[in-house]
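See structure below.
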Amino acid sequence: TTMIRTPSQIWGAPIVLGILTTIGLISALLGDGIWDAVSAVALGIPCLLGLWFGMRRTPAQRSAL
């Protein structure tokens, strides 16, 4: 059966990751101290999620690329 997904299901995670990245980049430019911490967290989350989901792929999925 084919599942129909809503636009929010399709685009929700990429939009949140884009917002996090934007917040991280802007906070890196704003100053030192707390801004550095905000930047590290906001930029680290998309990186960690990319690693997490990349490592979860099975070998069959990797060879299909």
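With respect to Gly33, is the statement that it is over 20 Å from the mean Cα position of the chain (by Cα) and among the small types (Gly, Ala, Ser) true?
Yes, satisfied.
Would you check which residues across the range 1-43 are out of contact with any helix residue (DSSP H, G or I) (no Cβ under 6 Å at 6 or more places or on another chain) and small (Gly, Ala, Ser) and list them?
Ser8, Gly12, Ala13, Gly18, Gly31, Gly33, Ala37, Ala40
Taking helices (runs of 4 or more DSSP H) that do not extend beyond the chain, which have at least 2 residues that are open to solvent by less than 80 Å² (accessible area, probe 1.4 Å)?
By residue number, 7-30, 34-56.
The values are calculated or read from the model by the stated rules, or taken from the named source; none is laboratory data. Just so we're clear, the structure is a prediction, and the values are computed from it rather than from any experiment. Here the Cβ is made from the backbone with ideal geometry for all residues, glycine too, and neighbour counts use every protein chain on show. Ligands, DNA and RNA are excluded from the accessible area calculation, which covers all protein heavy atoms including side chains. Shrake-Rupley method; radii C 1.70, N 1.55, O 1.52, S 1.80 Å.
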